[in-house]
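Step one of this worksheet: look at the structure below.
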Amino acid sequence: MAIFINTRVRIVGTFRDSNGALIDPTLIQFTLTTPPIYGQAQTQVLTFKKDAALVRDSIGQYHFDLLVNFTGIANFRWASLANGQEAADEGNFSVQASRV
């Protein structure tokens with residue numbers, strides 16, 4: 001499925017322990033890097049409980065909603081930084097210009 005500019009995208013993060021059970025880490029960080037604007041990539045770093053844009057849906061399930069106003073590839077990373085709960089997941093998505 002194509003993602004077009006000015007579309008809302010939901011980026012989901014899931015955290016599990018070593019046995020596969022869903023957990024709520026004590027420190028969650030979300031990083032988003034979007035394509036360069038005026039020659040420089042844009043990076044946002046958000047922390048759960050500090051930044052309201054990171055939302056907990058249920059145990060171990062979180063999301064970030066983004067209205068994409070760029071074209072190109074965006075990269076993201078969910079990370080648990082708490083001692084003994086270190087984990088990370090990364091991904092990306094591509095945004096296309098409108099065809100009309």
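Just a few scattered comments:
- Loop trypsin sites (Lys or Arg not before Pro), the range 17-100, which have at most 11 other Cβ atoms in a 10 Å radius of their Cβ (DSSP): Lys49, Lys50, Arg99
- ³J(HN,Hα), Karplus 6.51/-1.76/1.60, whole Hz, each residue of the range 28-44, x for Gly, Pro: 10, 10, 10, 10, 10, 10, 9, x, x, 10, 6, x, 10, 5, 9, 10, 10
- Computed over the chain, the Cα gyration tensor eigenvalues convert (square root of 5λ each) into semi-axes of 27, 14, 12 Å, ordered from largest to smallest.
- Label reach from Arg56 (point 7 Å along Cα→C-beta): in the range 6-45, amide nitrogens under 16 Å belong to 13-17, 22-30.
Computed from the coordinates by the stated procedures, all read-outs in this text should not be read as laboratory data. Everything quoted here is computed from the prediction, not taken from an experiment. Here Cβ is always computed from backbone atoms with ideal geometry, including for glycine, and neighbour counts include all displayed protein chains.
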